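Visitor: Please read through the structure below; I'll follow up with questions.
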Amino acid sequence: MATTVLAAAPGIGQSPAIEKASYVPLAVLALAQIGTSSDGAAMNLATASLVAGLGATLDDIQVATALFSLIAGAFMIAGGLIGVTIGLRRALGIGLGMALAGELIAALSPTIAVFTWGGRVVMALGACLITPAVLGLVAALYQGRQRAIAFGTIAGAAALSTLSPLALGAVMDQAGFRLTFAIMTAYFALVLCCTRLVPRTPTPDAHTRFDVAGTAVAALGLGLVLLGVSHLSDWGIIAPQKLCPFTLFGIAPTLPAIAAGLVLLGLLVPTERRAERRGNPLIPTAFVTSPGVRAGLAAVFVPFFYMGAVGILATPYLQLVTGFTALQTGLLSLLSGIPMFLLATFLPKLAPHLSSRLIIRVGFVALAGASALMALGVQQHGVALPLFCGMALGGFGVGAVNSQANNAVACSVSREEAEQSGGIQGAARSIGLALGTALAGTCLLLVMAGGFTTLATENGVHQDRVAAATDQASALMADDAFEALTGQWGADADQAAKLVEAKSAAQANAMRLTFGALACVVLISLVATRNLVETAAPKTERKSAPGGTKA
């Protein structure tokens, strides 16, 4: 039984017909994807538990979240090259073993430092191997419409993991983060045992060199950029803040780190040209020169940027300001998780002839509309219906884009390059999450601190009280929690009430502004989708062989 290969970019050689492959390995790959995505969901839900159990602050949690994305973004491309060098199945097994170890360290952590620099770092390094291996194996094992369905299944698996907060939230509320991450440890152990069901893929000749120089330059460049961006709020943009560990010529190191990282990424181009002449480069030329690849990577990047931003905005606001429990937050994830799962999984199967380019663009518009609705739904002392409508619309947008984006990249290059594209696609995901988290968090904290100072002064609060409260004013906090702190600053009842009012108004305004900025970013990014490769199956297709099925 055969199936017809999808149309791809000109010059990409593919056979007109291929034999169908088994979907059994796809089930294992989907389970691996669910695990890595559920880990992120568990981390998002752990805010209150980590604060209570390990004495963590919101800054500590943001560091733990950003560090994971920073490491994953810096080393994910290298993980893709490692996979094609040692074998994608072997890379998947090693990555799952590291994920198992990372979750175990997190479950047993005595301090937030061990949790962050032990558990999250090891888990991030494991994800650097798992994600490229999963995407690379889909490209290696499946072709044509099967590949479109397989990529949709993997995207659906990632979406399905957004429903895991329903179960993880209940565990988190009842037993805390330790049992939650212990459950994740057992899950990765189970998936690791199932990897023998995944067939091996051919590896290059033994003499093929690993691109050490390209890996070092890319990892250091991406790492410096993400490090600088993630610390704009706590280290300062130009003037150093209290948490800034050192200065460079009297200014905060954030902008110099970003500039140095961009310079290194610029040097990556000639470095990779030399590596390609030797064979097995970190980033093949086609990934840089192909407009279709660039457009496809933008389609991979934007939904994860959106999810990173929403994750650092909505979840902490619901838990720390409005008092939602982890279980309640998990229940709300159904609003976005269900449409995300349905569209990502079933669109490629049920609507194979629908324009993939149109689907991605409509998804972008839905993400922008969702951000605008969530901005309208943020209230000074809670949330309103538009926020929940926005969460649901965002699920439709992410599901639509993710159903097509990975296949758009894979269909823009040759089959061999598609296997390696898992690394750069994984990097686009991780960088999107990291930048979305960092930029949204920075915007929120800076606007919140500035808005509090302005509103408190306008309300007639004494300047000494305003100055004393400024540090706490840049953190999301419920009214009663902030009011309990006002006594430390010598505020009487009247001054305390004005401080609380200024604080609640400032954080609501900052949330609205940040969601509005997110909507603008997503709309502007529509420009990057102009050169998307069309992967929809032609409507004129017929049965490819007697007794065969329609493609």
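Visitor: Among residues belonging to the stretch 250-285 that are of a type in the set (S, T, N, Q) and without any contact (Cβ under 8 Å) to a residue 60 or more places away in the chain, point out the one that is least open to solvent (accessible area, probe 1.4 Å).
Guide: For the stretch 250-285, the residue satisfying everything is Thr254.
Visitor: Here's a follow-up. Quickly run through the stretch 55-77 and pick out the residues that are of a type outside the set (Phe, Trp, Tyr), closer than 26 Å to Pro199 by Cα and open to solvent by 10 Å² or more (accessible area, probe 1.4 Å).
Guide: Ile77
Visitor: Also, I was wondering about something else. Which residues, taken from the stretch 492-506, are under 11 Å from Phe452 (Cβ atoms) and at pLDDT below 80?
Guide: Listed by number, the list is empty, since nothing qualifies.
Visitor: Next question, about the same structure. Identify, from the list Ala148, Ala113, Ala133, the residue that is part of a helix (DSSP H, G or I), small (Gly, Ala, Ser) and over 21 Å from Val28 (Cβ atoms).
Guide: Exactly one of Ala148, Ala113, Ala133 is part of a helix (DSSP H, G or I), small (Gly, Ala, Ser) and over 21 Å from Val28 (Cβ atoms), namely Ala113.
Visitor: Give the residues of the stretch 374-389 that are surrounded by fewer than 23 Cβ atoms within 10 Å (Cβ to Cβ) and either of a type in the set (S, T, N, Q) or closer than 12 Å to Ala314 by Cβ (or both), sorted by residue number.
Guide: Within the stretch 374-389, Ala375, Gly377, Gln379, Gln380, Val383, Phe388 qualify.
Visitor: Looking at Gly422 and the list (1) over 19 Å from Ser525 (Cα atoms); (2) at pLDDT 85 or above; (3) open to solvent by less than 10 Å² (accessible area, probe 1.4 Å), which single condition is not satisfied?
Guide: Going through (1) over 19 Å from Ser525 (Cα atoms); (2) at pLDDT 85 or above; (3) open to solvent by less than 10 Å² (accessible area, probe 1.4 Å) one by one, Gly422 breaks only (2).
Visitor: Right, another one. Any idea which of Ala309, Ala275, Ala259 is at pLDDT 85 or above and farther than 30 Å from Phe388 by Cβ?
Guide: Ala259
Visitor: In the list Leu135, Leu163, Leu100, which residue meets the criterion of being open to solvent by less than 10 Å² (accessible area, probe 1.4 Å), in contact with a Ser or Thr (Cβ under 8 Å, 6 or more places away or on another chain) and either within 27 Å of Tyr23 (Cα to Cα) or basic (Lys, Arg) (or both)?
Guide: Leu135
Visitor: With the structure loaded, tell me whether Gln495 is more than 30 Å from Cys389 (Cβ to Cβ) and either assigned to a helix (DSSP H, G or I) or of a type in the set (D, E, K, R) (or both) or whether it fails that test.
Guide: So Gln495 passes the test.
Visitor: Scanning the stretch 315-353 for residues that are assigned to a helix (DSSP H, G or I) and touching a strand residue (DSSP E or B) at 6+ places or on another chain (Cβ under 9 Å), which turns out surrounded by the most Cβ atoms within 10 Å (Cβ to Cβ)?
Guide: Selected residue: Val321.
Visitor: Collect the residues in the stretch 191-228 that are touching a Leu at 6+ places or on another chain (Cβ under 8 Å), over 30 Å from Arg274 (Cα atoms) and either in a helix (DSSP H, G or I) or modelled with pLDDT under 80 (or both), keeping them in residue-number order.
Guide: Those that are touching a Leu at 6+ places or on another chain (Cβ under 8 Å), over 30 Å from Arg274 (Cα atoms) and either in a helix (DSSP H, G or I) or modelled with pLDDT under 80 (or both): Val191, Leu192, Cys194, Thr195.
Visitor: Could you figure out which of (1) open to solvent by less than 10 Å² (accessible area, probe 1.4 Å); (2) touching a Lys or Arg at 6+ places or on another chain (Cβ under 7 Å) isn't true of Ala370?
Guide: It fails just one condition, (2).
Visitor: Please find, among Ala113, Ala41, Ala148, Ala52, the residue that is open to solvent by 10 Å² or more (accessible area, probe 1.4 Å) and without any contact (Cβ under 8 Å) to a residue 24 or more places away in the chain.
Guide: Of the residues listed, the single one that is open to solvent by 10 Å² or more (accessible area, probe 1.4 Å) and without any contact (Cβ under 8 Å) to a residue 24 or more places away in the chain is Ala113.
Visitor: May I pose another question? In the stretch 425-481, what count of residues is obtained for those that are closer than 20 Å to Val229 by Cα and part of a helix (DSSP H, G or I)?
Guide: Residues that pass the stated criteria total 25.
Visitor: Here is a further query. Among the residues of the stretch 367-388, are any touching a Pro at 6+ places or on another chain (Cβ under 8 Å) and over 15 Å from Thr514 (Cβ atoms)?
Guide: No - not one qualifying residue is present in the stretch 367-388.
The values are calculated or read from the model by the stated rules, or taken from the named source; none is laboratory data. The structure displayed is predicted, hence computed values, not measured ones. Neighbour counts run over all protein chains shown; Cβ positions are idealised from the backbone, glycine included. Protein only, heavy atoms only, side chains kept; ligands, DNA and RNA dropped before computing areas. Shrake-Rupley method; radii C 1.70, N 1.55, O 1.52, S 1.80 Å.
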